[in-house]
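> Dropping a structure here in structure tokens format, bear with me for questions.
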């Protein structure tokens, strides 16, 4: 199984920048406590080992709920040592090593004690869409970033209350995006259910398409993305999906085949006439693009690569 998420590893410079941002936040709000929100599903064994030797409190958000049987893959809350810079630095390093290039860790600064913050998040483990009640895996930072773009401010307040800072990796790169503490906004009731409409749900699904393509292509060919930055791979796939939909492709197998062909033939591969014809045909017969492209002669692919290379130099 290949593990590839289109997410850059956390660098030492990023850790240092986060520590500086945290120090500034606590200088302004001395009562803040620091927590890590970790999605254990990405590395059950690795996270279990980290918790076993962790210097601080750790709590599963699924424990004591109807999801308790999924405890090993739950989102977890870790209480970090905000009062000892040396211990905090060691804890951040532990988390950076665990995370590597996986979208599994963000940080929270809150005036709430750990038990109160855990209680809040346990009331936000589900989201309702029409008549559906779905598990919301907000500790996955890919989901968190998508939510930040899709939810209305009042809905984000329900998930991350206004008395809490949130730092999470933005744009798949190491830099942290920050949701600032906002004392001027009222705290939503804990009993309120987070509802999203059909349009928001569709936007979240669309936001996940690039990740699903990346996952599937990495399973088929672990080396298909080369040695480039994972965040650049994600950006490339996002742009290819937009272009594929612009060609009228909507079947997911065709979208995936288009992205794989772009990796092989270059970003402008679809300007080659035989390739362009295959794409038009796939629009008429959904699900057929991979088979059509596989029948193209080698000369067509050479022309596609040459066209892409010439376009990149232009």
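The values are calculated or read from the model by the stated rules, or taken from the named source; none is laboratory data. Keep in mind it's a predicted model, so treat the numbers as computed, not measured. Heads up, the Cβs are rebuilt from the backbone with ideal geometry, glycines too, and the neighbour counts pull from every protein chain shown.
> Hey, any hits in region 248-271 for a residue that's more than 31 Å from the chain's Cα centre (by Cα) and not in a helix (DSSP H, G or I)?
No, because not a single residue in region 248-271 is more than 31 Å from the chain's Cα centre (by Cα) and not in a helix (DSSP H, G or I).
> Still on this structure, please answer the following. Please go through region 99-136 and give me each residue that is under 15 Å from residue 56 (Cβ atoms) and without any contact (Cβ under 8 Å) to a residue 60 or more places away in the chain, ordered by number.
Listed by number, the residues that qualify are 115, 118.
> Taking region 16-42 only, how many residues are more than 15 Å from residue 166 (Cα to Cα) and surrounded by fewer than 19 Cβ atoms within 10 Å (Cβ to Cβ)?
Final tally of qualifying residues: 6.
> Could you check, for region 220-227, whether at least one of its residues is in the same structural domain as residue 208 (by TED's automatic domain parsing) and in a helix (DSSP H, G or I)?
The answer is yes; a qualifying residue exists.
> Among the candidates 54, 18, 42, which residue alone is in the same structural domain as residue 144 (by TED's automatic domain parsing) and under 18 Å from the mean Cα position of the chain (by Cα)?
Exactly one residue qualifies, and that residue is 42.
> Give 87, 73 a once-over and let me know the one that is surrounded by fewer than 19 Cβ atoms within 10 Å (Cβ to Cβ), under 21 Å from the mean Cα position of the chain (by Cα) and modelled with pLDDT under 95.
Sole residue among the options that is surrounded by fewer than 19 Cβ atoms within 10 Å (Cβ to Cβ), under 21 Å from the mean Cα position of the chain (by Cα) and modelled with pLDDT under 95: 73.
> Among residues belonging to region 107-136 that are modelled with pLDDT of 90 or more and touching a helix residue (DSSP H, G or I) at 6+ places or on another chain (Cβ under 8 Å), point out the one that is surrounded by the fewest Cβ atoms within 10 Å (Cβ to Cβ).
129
> Is it fair to say residue 41 is within 27 Å of residue 215 (Cα to Cα), in a helix (DSSP H, G or I) and in contact (Cβ under 8 Å) with a residue 60 or more places away in the chain?
Against the criterion (within 27 Å of residue 215 (Cα to Cα), in a helix (DSSP H, G or I) and in contact (Cβ under 8 Å) with a residue 60 or more places away in the chain), residue 41 qualifies.
> Which residues, taken from region 191-217, are in a strand (DSSP E or B) and either free of Cβ contacts under 8 Å to residues at least 24 places away in the same chain or loosely packed, with under 13 Cβ neighbours inside 10 Å (or both)?
Answer for region 191-217, where residues must be in a strand (DSSP E or B) and either free of Cβ contacts under 8 Å to residues at least 24 places away in the same chain or loosely packed, with under 13 Cβ neighbours inside 10 Å (or both): just 195.
> Okay, next question. Picking from 255, 263, which residue would you name as being under 19 Å from residue 219 (Cα atoms) and out of contact with any helix residue (DSSP H, G or I) (no Cβ under 7 Å at 6 or more places or on another chain)?
263
> Separate question: Quick one: is residue 231 under 25 Å from residue 100 (Cβ atoms) and surrounded by 14 or more Cβ atoms within 10 Å (Cβ to Cβ)?
yes
> On the given criteria, is residue 95 under 25 Å from residue 234 (Cβ atoms), assigned to a helix (DSSP H, G or I), in contact (Cβ under 8 Å) with a residue 12 or more places away in the chain and touching a strand residue (DSSP E or B) at 6+ places or on another chain (Cβ under 7 Å)?
Spelling it out, residue 95 is indeed under 25 Å from residue 234 (Cβ atoms), assigned to a helix (DSSP H, G or I), in contact (Cβ under 8 Å) with a residue 12 or more places away in the chain and touching a strand residue (DSSP E or B) at 6+ places or on another chain (Cβ under 7 Å).
> Looking for something in the same structural domain as residue 220 (by TED's automatic domain parsing) and either more than 25 Å from residue 233 (Cβ to Cβ) or surrounded by fewer than 13 Cβ atoms within 10 Å (Cβ to Cβ) (or both) - is there at least one such residue anywhere in region 255-272?
No, there is no match, as no residue in region 255-272 is in the same structural domain as residue 220 (by TED's automatic domain parsing) and either more than 25 Å from residue 233 (Cβ to Cβ) or surrounded by fewer than 13 Cβ atoms within 10 Å (Cβ to Cβ) (or both).
> Which number in (1) at pLDDT 90 or above; (2) out of contact with any strand residue (DSSP E or B) (no Cβ under 6 Å at 6 or more places or on another chain); (3) surrounded by 13 or more Cβ atoms within 10 Å (Cβ to Cβ) marks the one condition that residue 51 misses?
Looking at each condition in turn, residue 51 falls short on (2).
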